[in-house]
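To start, the structure under review is shown below, and the notes come after it.
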Amino acid sequence: MIKYNPKKIEQKWQDAWYKSSVFKAKNGSKKKKCYLLVEFPYPSGVGLHVGHCRSYTALDVVARKRRMQGFNVLYPMGWDAFGLPTENYAIKKKVHPAVVTKKNTDTFRRQMKSLGWSFDWSREINTTDPKYYKWTQWIFIQLFNNGLAYKSKIDINWCPKDKIGLANEEVIDGKCERCGTKVEKREKEQWMIKITKYADRLIKDLDNVDYLEKIKTQQKDWIGESHGALIKFFVEGVEEHIDVFTTRVDTIFSVTFLIVAPGHNFIDKYKSRIENIDEVLKYREDAKNVSDMDRTNQDKEITGVQLKGIVVRNPATNEEMPVWTADFVLEHYGTGAVFADAHDKRDFKMAKKYGIPLRTSIKPDDELLMQKVKNLEECFEEEGTLYNSQQFDDLKSAEARPKIIMWLAGKGLAQPKVSYKLRDWVFSRQHYWGEPIPMIFCKKCGWQAVAEKDLPIELPNVKKYKPTDTGESPLALIDKWVNVKCEKCKGQAKRETDTMPNWAGSNWYYLRYLDPKNNKELADGAITKYWMPVDWYNGGMEHTTLHLLYSRFIFKFLWDIKAVPTIVGPEPYKKRTSHGMVLGEGGIKMSKSKGNVINPDTIVKQWGADTLRIYEMFMGPFEQMIPWDTKGVVGSRRFVEKIYNLAGKKVAVKTSESLEKILHKTIKKVSGDIELMKFNTAVSSMMEFVNAWQVSEEGLDKKGLADFLKILSPFAPHLAEEIWSGMGFKEMCCEQKWPKYDEKLIEEENVLLIVQVNGKVRDKIEAKAGIAQKDAEKLVLKSEKIKALIGDKKSVKTIYVQNKLINIVI
RNA sequence: GCCGAGGUGGUGAAAUUGGCAAACACGCCGGACUCAAAAUCCGGUGCCCUUAAAAGCUUGAGGGUUCAAGUCCCUCCCUCGGCACCA
């Protein structure tokens, strides 16, 4: 018998697959299509992560199964290669980022091929390829032309020593990651994308897709839709009102002061009227250096400053009230201003601290609590019944709200309003390694898009990749590139030197796989119509709020402007699932600095790709994060090797009935588990089958072995092909039909009945399947154990669950 | 802090969704084979008491619902993901 040698087997079958192009997806085939997508990796210098191996193997299992089920499968791969790590590496080592990227993608590709994933490599894409980012730039121009891209002043993190803008990730405890200098905020003109215009659709359309519930929840919470009202608070002495957004208009009769965010433009506009403006501006500066998270932290000590000299009128009571500023009110949520009363914990605390008068207008049902609330000993935030609220007294909060809004609206003081937490998307980066933003600024004509015929605007070669001392991207230093003629007036104009964020390229990549070489459009309409939407998209939970939302938004936009055929519908992904991270041994994150990174190459070399694939699927539940355990890999290798050895010797003329039964159960279990992403139990059921095979006297016949290899092949494809071809078949195992199981064979004749007395298991009795309660009771009473337990006590009740359990209560 | 996920043997975990807790695998213990070791094969392995059998206990902590709770409800503790310029 030849010893199992994965190195030989695996290379051989990888060559055979790629040579015969069995994994090539055919555009416009008559077959039913199935588009499976995994998030394409950022090709970092560390190489492929064992976490990639988990999710890519999982969808590879699905892809291989779907092909065997007769689908025309598209399972593509590419590189999301623009970004900070490569740029930082380039700055440090003085190599061109493109050179680094080439090296890294080569490594990734080699590693991926060594795992036998069934990607259609003829469709490989790379976001840093000008032929690709031509279309990323084209999308930006469409956004601009449709009024969805605009310039706005935004604070960025600024390191005064390094003189560069920093990503949030590069700011540790308010200090620059590299030099430890305290990070400042600096205002900068940035390109913004109006994703907020799509907020409602991004929520509503979730009803029509099959995403894991937790993914839908996270998306909804991120968008943060809330229904309420916009209320006008008129400022005494000027023709001006401060708008407040609230969801709790029912509390308006208890409102005693107003709070505006420190950055609210009312402060700028009425500087001269605010008596303590210096103090207010100082407070604003301090607030700038605190993150939103810290500002809104419920446990934080509340601070605030009154805008002295400013008085507004409560539109409901007509009373005069002071205006304050406090940092827990955020500029970019709602209108940047809130009304404050005793029915909000933070307002309550703030009023107590600064001696601002408080009043209540909502009462709880509980009398005792009511007294405390009335005496301002406790803050009542829930809904309740209104009082102190004039004609709205005795209404429940929910009933009162629309009535109060109507009443105020009648006086022109309020209107219903839906507000979102979602903010517009900052789209500029002052970096080299990103897509140049295809815009030109002319002093006379303003911002204009580059002509489409001039796309792509390629990244010019520079010597230094570090941002300039003024914080601009290094592109700003290349006069020849920056200075252009205005398309309209032919006068002097300048190119935008900022580049796009990493998300720009990953927003629409799933469309490019369909038609990766098209130079006339993103992707051909007919081809897009055939393949879209993506049938199943798997990715990390960490991408749920940003990448997933951004790409859904961009797709909707492309659909709106008919860059995607209408028939496809407004959602890019039919189904979205997520995988858990693979952690290092001991449950800590794998990282270069901790030295606990597992290189898949090592595992493939030592154990083989099939073993790695099986281990990745077997290690634990797919959705859950899981620590890597090199010791555990050996179990998967034993399993793989056991199959190889058994196939070489335990082949029977006819499989025994009992083994056949187990085989059919296994086919059913594996088929179902793949759909539910329960890969770990799919593998364990195959292990159980192999154990049964091993101890069986006769062994497995040719038909049985063939069926088993078919269900094994998505998990351990090389091994399956090897044994398959050894059985004398001409075609490959991966091209076979997925096997069916016989339901009759699975049915059990006898069942083990659990016998409980007072809910405790006391005995187990074998009985005919489908036995009636009466007969079961008779059977049970024959048991000596049960007889002894019951004795002369009377049974009160008997619970019977067919084929499972009988519980006698005495 | 807010939103989301999770907590079961020495370890990774399983449990038909309210019906035998611990399948499968790692590890460990014992045995076979071997001069020996590795590999392989066979047997054992939640905890406690015990020669053994039987009983008892056990799913982060506490309480509740139920004939029956890892699973449902309430309170609390801990770990992880996201928090808008990492990808």
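In segment A:141-154, what residues are part of a strand (DSSP E or B) and either among the hydroxyl-bearing types (Ser, Thr, Tyr) or surrounded by 14 or more Cβ atoms within 10 Å (Cβ to Cβ) (or both)? Break it down into steps so the answer makes sense when it comes.
First pass over segment A:141-154, keeping only residues part of a strand (DSSP E or B): A:149-154.
Passing the criteria: A:Ala149, A:Tyr150, A:Lys151, A:Ser152, A:Ile154.
Can you tell me how many residues within segment A:682-728 are within 16 Å of RNA strand B (Cβ to nearest atom), open to solvent by 10 Å² or more (accessible area, probe 1.4 Å) and touching a residue at least 40 places away in the same chain (Cβ under 8 Å)?
The total comes to 6.
With the requirement that a residue be open to solvent by 50 Å² or more (accessible area, probe 1.4 Å) and closer than 21 Å to A:Gln137 by Cα, what does segment A:179-195 give you?
Looking only at segment A:179-195, we keep the residues that are open to solvent by 50 Å² or more (accessible area, probe 1.4 Å), and these are A:182, A:184-187, A:189, A:194.
Those that are open to solvent by 50 Å² or more (accessible area, probe 1.4 Å) and closer than 21 Å to A:Gln137 by Cα: A:Glu189, A:Lys194.
Give just the number: which of (1) near RNA strand B (Cβ under 7 Å from one of its atoms); (2) at pLDDT 95 or above; (3) under 25 Å from the mean Cα position of the chain (by Cα); (4) not small (Gly, Ala, Ser) does A:Phe555 not satisfy?
(1)
Report, by residue number, each residue of segment A:668-681 that is open to solvent by less than 40 Å² (accessible area, probe 1.4 Å), out of contact with any Lys or Arg (no Cβ under 8 Å at 6 or more places or on another chain) and hydrophobic (A, V, I, L, M, F, W, C).
A:Val670, A:Met677, A:Phe679
Let's see how each residue does on (1) free of Cβ contacts under 8 Å to residues at least 40 places away in the same chain; (2) surrounded by fewer than 19 Cβ atoms within 10 Å (Cβ to Cβ):
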| residue | (1), (2) |
| --- | --- |
| A:Arg67 | no, no |
| A:Ala81 | no, no |
| A:Pro85 | no, yes |
| A:Lys94 | yes, yes |
| A:Val99 | yes, yes |
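Could you check A:Met581 against (1) within 26 Å of A:Asp535 (Cβ to Cβ); (2) of a type outside the set (Ser, Thr, Tyr); (3) open to solvent by 30 Å² or more (accessible area, probe 1.4 Å); (4) more than 11 Å from RNA strand B (Cβ to nearest atom) and say which number it fails?
It fails just one condition, (4).
Out of curiosity, is A:Leu745 more than 16 Å from RNA strand B (Cβ to nearest atom), open to solvent by less than 80 Å² (accessible area, probe 1.4 Å), modelled with pLDDT under 95 and over 22 Å from A:Met677 (Cα atoms)?
On the way: more than 16 Å from RNA strand B (Cβ to nearest atom): yes; open to solvent by less than 80 Å² (accessible area, probe 1.4 Å): yes; modelled with pLDDT under 95: yes; over 22 Å from A:Met677 (Cα atoms): yes.
Spelling it out, A:Leu745 is indeed more than 16 Å from RNA strand B (Cβ to nearest atom), open to solvent by less than 80 Å² (accessible area, probe 1.4 Å), modelled with pLDDT under 95 and over 22 Å from A:Met677 (Cα atoms).
Mind checking which residues of segment A:305-336 are under 30 Å from A:Cys159 (Cβ atoms) and either part of a loop (DSSP other than H, G, I, E, B) or open to solvent by 30 Å² or more (accessible area, probe 1.4 Å) (or both)?
Correct list: A:Ala326, A:Asp327, A:Phe328, A:Val329, A:Leu330, A:Glu331, A:His332, A:Tyr333, A:Gly336.
Can you name every residue in segment A:158-168 that is part of a strand (DSSP E or B) and more than 6 Å from RNA strand B (Cβ to nearest atom)? I'd like the intermediate steps shown before the answer.
Within segment A:158-168, the subset part of a strand (DSSP E or B) is A:158-159, A:164-166.
A:Trp158, A:Cys159, A:Ile164, A:Leu166 - these are the residues of segment A:158-168 that are part of a strand (DSSP E or B) and more than 6 Å from RNA strand B (Cβ to nearest atom).
Given the structure, is A:Thr545 surrounded by fewer than 18 Cβ atoms within 10 Å (Cβ to Cβ), out of contact with any Asp or Glu (no Cβ under 6 Å at 6 or more places or on another chain) and either part of a helix (DSSP H, G or I) or in contact (Cβ under 8 Å) with a residue 24 or more places away in the chain (or both)?
Values: surrounded by fewer than 18 Cβ atoms within 10 Å (Cβ to Cβ): yes; out of contact with any Asp or Glu (no Cβ under 6 Å at 6 or more places or on another chain): yes; either part of a helix (DSSP H, G or I) or in contact (Cβ under 8 Å) with a residue 24 or more places away in the chain (or both): yes.
Yes: the conditions hold for A:Thr545.
For segment A:751-784, how many residues are within 8 Å of RNA strand B (Cβ to nearest atom) and touching a residue at least 24 places away in the same chain (Cβ under 8 Å)?
From segment A:751-784, those within 8 Å of RNA strand B (Cβ to nearest atom) are A:752, A:754, A:756, A:758-762, A:764; that's our starting set.
Those left that are additionally touching a residue at least 24 places away in the same chain (Cβ under 8 Å): A:754, A:756, A:758-759, A:762.
Of the residues in segment A:751-784, 5 are within 8 Å of RNA strand B (Cβ to nearest atom) and touching a residue at least 24 places away in the same chain (Cβ under 8 Å).
List every residue pair whose Cβ atoms sit under 7 Å apart, with the two residues 6 or more apart in sequence or on different chains, where the first one lies in segment A:559-583 and is among the aromatic types (Phe, Trp, Tyr) and the second, anywhere, is assigned to a loop (DSSP other than H, G, I, E, B) and open to solvent by 20 Å² or more (accessible area, probe 1.4 Å).
Going by the 7 Å Cβ cut-off, the qualifying pairs are A:Trp559/A:Pro570; A:Tyr573/A:Pro533.
Could you tell me whether segment A:560-567 includes any residue that is surrounded by 20 or more Cβ atoms within 10 Å (Cβ to Cβ) and over 14 Å from the mean Cα position of the chain (by Cα)? Step through it out loud before you land on a result.
Of the residues in segment A:560-567, the ones surrounded by 20 or more Cβ atoms within 10 Å (Cβ to Cβ) are A:563-564.
Now narrow it down to the ones that are over 14 Å from the mean Cα position of the chain (by Cα): A:563-564.
Yes, there is a match, as at least one residue in segment A:560-567 is surrounded by 20 or more Cβ atoms within 10 Å (Cβ to Cβ) and over 14 Å from the mean Cα position of the chain (by Cα).
Just checking, how many residues over segment A:761-785 are more than 30 Å from A:Glu747 (Cβ to Cβ) and either surrounded by 11 or more Cβ atoms within 10 Å (Cβ to Cβ) or within 54 Å of the chain's Cα centre (by Cα) (or both)? Outline the logic, then answer.
We begin by selecting, within segment A:761-785, every residue more than 30 Å from A:Glu747 (Cβ to Cβ); these are A:784.
Next, from what is left, pick out any that are either surrounded by 11 or more Cβ atoms within 10 Å (Cβ to Cβ) or within 54 Å of the chain's Cα centre (by Cα) (or both): none.
Final tally of qualifying residues: 0.
From the list A:Asp173, A:Asp162, A:Asp120, which one is more than 30 Å from A:Lys197 (Cβ to Cβ) and modelled with pLDDT of 95 or more? Steps first, answer last, please.
On the way: A:Asp173 fails: modelled with pLDDT of 95 or more; A:Asp162 fails: modelled with pLDDT of 95 or more.
Matching residue, one of A:Asp173, A:Asp162, A:Asp120: A:Asp120.
So which of A:Glu367, A:Glu377, A:Glu381 is open to solvent by 40 Å² or more (accessible area, probe 1.4 Å), at pLDDT below 90 and within 29 Å of A:Ala287 (Cβ to Cβ)? Break it down stepwise before answering.
Working: A:Glu367 fails: within 29 Å of A:Ala287 (Cβ to Cβ); A:Glu377 fails: within 29 Å of A:Ala287 (Cβ to Cβ).
Unique residue meeting the criteria: A:Glu381.
Specify which of the listed residues (A:Tyr537, A:Tyr513) is under 26 Å from A:Ala63 (Cα atoms), crowded, with 21+ Cβ neighbours inside 10 Å, away from RNA strand B (no atom under 16 Å from the Cβ) and among the aromatic types (Phe, Trp, Tyr). First the steps, then the outcome.
On the way: A:Tyr537 fails: away from RNA strand B (no atom under 16 Å from the Cβ).
Exactly one residue qualifies, and that residue is A:Tyr513.
Among the residues of segment A:786-810 satisfying the criterion of being free of Cβ contacts under 8 Å to residues at least 24 places away in the same chain and assigned to a helix (DSSP H, G or I), which is surrounded by the most Cβ atoms within 10 Å (Cβ to Cβ)? Talk me through it step by step, then tell me what you get.
Residues of segment A:786-810 that are free of Cβ contacts under 8 Å to residues at least 24 places away in the same chain, as a first pass: A:787-788, A:791-797, A:799, A:801.
Right, trim to assigned to a helix (DSSP H, G or I) and you get A:787-788.
Numbers: A:Lys787: 11, A:Ala788: 9.
Filtering segment A:786-810 for residues that are free of Cβ contacts under 8 Å to residues at least 24 places away in the same chain and assigned to a helix (DSSP H, G or I), the one surrounded by the most Cβ atoms within 10 Å (Cβ to Cβ) comes out as A:Lys787.
So which residues in segment A:406-426 are within 8 Å of RNA strand B (Cβ to nearest atom) and open to solvent by less than 30 Å² (accessible area, probe 1.4 Å)?
The answer is A:Leu422, A:Trp425.
Only one of (1) within 16 Å of RNA strand B (Cβ to nearest atom); (2) crowded, with 22+ Cβ neighbours inside 10 Å; (3) in a helix (DSSP H, G or I) fails for A:Ala90. Which number is that?
Status for A:Ala90: all satisfied but (2).
Looking only at segment A:259-281, decide whether some residue is open to solvent by less than 60 Å² (accessible area, probe 1.4 Å) and of a type in the set (Lys, Arg). Walk me through it before giving the result.
Looking only at segment A:259-281, we keep the residues that are open to solvent by less than 60 Å² (accessible area, probe 1.4 Å), and these are A:259-264, A:266-267, A:270, A:274, A:276-277, A:280-281.
Narrowing the set further to residues that are of a type in the set (Lys, Arg) leaves none.
There is no residue in segment A:259-281 that is open to solvent by less than 60 Å² (accessible area, probe 1.4 Å) and of a type in the set (Lys, Arg).
Exactly one of (1) within 16 Å of RNA strand B (Cβ to nearest atom); (2) crowded, with 19+ Cβ neighbours inside 10 Å is unmet by A:Arg123. Its number?
Just one mismatch for A:Arg123, condition (1).
Among the residues of segment A:385-402, write down those that are surrounded by 20 or more Cβ atoms within 10 Å (Cβ to Cβ) and not in a helix (DSSP H, G or I).
A:Leu386, A:Ser389
Are there any pairs with C-beta distances below 7 angstrom linking a residue in segment A:214-234 that is open to solvent by 80 Å² or more (accessible area, probe 1.4 Å) to a residue that is among the polar types (S, T, N, Q), with the two at least 6 apart or on different chains, and if so which?
A:Gln218/A:Thr544; A:Gln218/A:Thr545; A:Trp222/A:Thr545; A:His227/A:Thr247
Kindly list, by first and then second residue, each pair from a residue in segment A:621-643 that is within 18 Å of A:Ile674 (Cβ to Cβ) to a residue that is among the polar types (S, T, N, Q) and more than 7 Å from RNA strand B (Cβ to nearest atom), limited to pairs with Cβ atoms under 6 Å and residues at least 6 apart or on different chains.
A:Ser636/A:Thr611
Determine which member of the set A:Leu369, A:Leu408, A:Leu358, A:Leu376 is under 24 Å from A:Val323 (Cα atoms) and part of a helix (DSSP H, G or I). Full working, then the answer.
Working: A:Leu369 fails: under 24 Å from A:Val323 (Cα atoms); A:Leu358 fails: part of a helix (DSSP H, G or I); A:Leu376 fails: part of a helix (DSSP H, G or I).
Answer to the check: A:Leu408.
The values are calculated or read from the model by the stated rules, or taken from the named source; none is laboratory data. Being a predicted model, the structure only gives us computed values, none of them experimental. No Cβ is skipped: glycine too gets one built from the backbone with ideal geometry, and neighbour counts run over all protein chains shown. For the accessible areas, the whole protein counts, side chains as well, though only heavy atoms, and no ligand, DNA or RNA atoms are used. Shrake-Rupley method; radii C 1.70, N 1.55, O 1.52, S 1.80 Å.
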